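The values are calculated or read from the model by the stated rules, or taken from the named source; none is laboratory data. Please read these numbers as outputs of a predicted model, since none were measured by experiment. Glycine also receives a Cβ, built like all others from the backbone with ideal geometry; neighbour counts cover every protein chain displayed.
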Amino acid sequence: MTGEFRAGFACFVGRPNAGKSTLMNAIVGQKIAITSNRPQTTRHVIRGVLHRPDAQLILVDTPGLHRPRTLLGERLGDLVRQTWSEVDVIGLCMPADEEVGRGDRFIAAEIAGLKATLVAVVTKADLVSREKLARRLLAVQELGQFADIVPVSAVTGAQLDELTDVLVGHLPPSPRLYPDGMLTDEPEQVLIAELVREAALEGVRDELPHSIAVVVEEMIPEDGLTKIYADVYVERQSQKAIVIGARGSRLKAVGTAARTQIEELLGTRVYLDLHVRVAKDWQRDPRQLRKLGF
């Protein structure tokens with residue numbers, strides 16, 4: 001079996017803030033999934049590809065699973081379950097600095113019957129003592145049938161290589177599935193929209209995260225400069241005022257933060273033009289959801 005090339009798909013699951021997207025970015029080595037300290041941040045299935053001499057690991061980042069309150073929530077739930085049924089390995093992420101809770105048990109039960117190999121990943125291991133980590137690993141062991149249990153820290157990089165080896169070990173023998181050097185198969189527009197949305201999420205009130213959507217309307221490359229025109233959608237006029245801020249200060253800060261990230265992604269200078277628009281109750285309106293890409 002040694003020397004056989006392996007390739008396949010893995011995804012991280014877990015309750016909000018379990019460190020899934022941060023872990024994925026750390027493994028792939030480039031910012032692909034957006035990270036935020038707010039639940040339900042990830043809305044698209046974004047794939048990051050890790051290339052190794054012996055394997056190709058394709059990481060699928062899915063929205064978190066929670067009980068849906070809107071049509072958008074229902075669609076995201078369907079998307080998650082479909083992804084779970086198609087991957088080779090599922091890593092259930094649980095933060096080391098929090099007790100194993102109801103949310104963890106709910107997700108462990110949801111994934112228990114799938115054909116994928118299940119691996120438990122105890123994230124944020126750098127935040128606890130060795131004794132506490134040992135207790136957490138024992139609690140995780142009692143949660144379900146896992147092929148492996150790996151403690152990691154995406155921040156310090158501790159055990160990341162071990163986790164990658166474990167994930168690769170559970171992939172099927174297969175030729176390469178993606179060209180060398182390709183880090184993600186998401187269109188640039190989607191990644192850019194996600195980066196703008198991430199910047200817009202920072203520091204806004206708790207009722208807003210679910211209400212913000214971003215659509216990149218136009219990208220025009222011109223002599224080492226990329227002009228990007230994007231619309232930030234909210235559901236109500238009052239939310240529009242929050243996103244824009246006093247005399248446009250908040251929107252300006254969003255643009256500056258997003259532009260830095262986009263320039264890093266594209267490798268060119270960027271002119272970013274943002275407009276905030278109201279799409280009334282778009283999370284519950286099938287027509288608006290389609291228009292906004294859901």
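Structural remarks
- Candidate set from the stretch 149-168 (those that are of a type outside the set (Val, Ile, Thr) and in contact (Cβ under 8 Å) with a residue 40 or more places away in the chain); member that is surrounded by the fewest Cβ atoms within 10 Å (Cβ to Cβ): GLY157
- No other residue among ALA279, ALA258 is surrounded by 18 or more Cβ atoms within 10 Å (Cβ to Cβ), assigned by TED's automatic domain parsing to the domain that holds ARG197, in contact (Cβ under 8 Å) with a residue 40 or more places away in the chain and closer than 13 Å to ILE192 by Cα apart from ALA258.
- Counted residues, the stretch 227-282 - those being farther than 24 Å from GLY48 by Cα, in contact with a helix residue (DSSP H, G or I) (Cβ under 9 Å, 6 or more places away or on another chain) and polar (S, T, N, Q): 2
- Going through (1) without any contact (Cβ under 8 Å) to a residue 40 or more places away in the chain; (2) assigned to a loop (DSSP other than H, G, I, E, B); (3) over 14 Å from ARG15 (Cβ atoms); (4) out of contact with any Asp or Glu (no Cβ under 9 Å at 6 or more places or on another chain) one by one, ASP97 falls short only on (3).
- Filtered residue count, the stretch 118-143, keeping only those that are under 25 Å from the mean Cα position of the chain (by Cα), without any contact (Cβ under 8 Å) to a residue 40 or more places away in the chain and part of a loop (DSSP other than H, G, I, E, B): 1
- Search result, residues across the stretch 252-294 that are of a type in the set (Lys, Arg), touching a Phe, Trp or Tyr at 6+ places or on another chain (Cβ under 9 Å) and in a helix (DSSP H, G or I): ARG259, LYS291
- Selected residue (only one of LYS132, LYS124, LYS115 is basic (Lys, Arg) and in contact with a helix residue (DSSP H, G or I) (Cβ under 8 Å, 6 or more places away or on another chain)): LYS115
- Where ASP61 falls short, out of the listed (1) modelled with pLDDT under 85; (2) out of contact with any strand residue (DSSP E or B) (no Cβ under 6 Å at 6 or more places or on another chain): (2)
- Residue list for the stretch 181-234, filter: under 15 Å from LEU292 (Cα atoms), of a type in the set (Ser, Thr, Tyr) and modelled with pLDDT under 80: SER211
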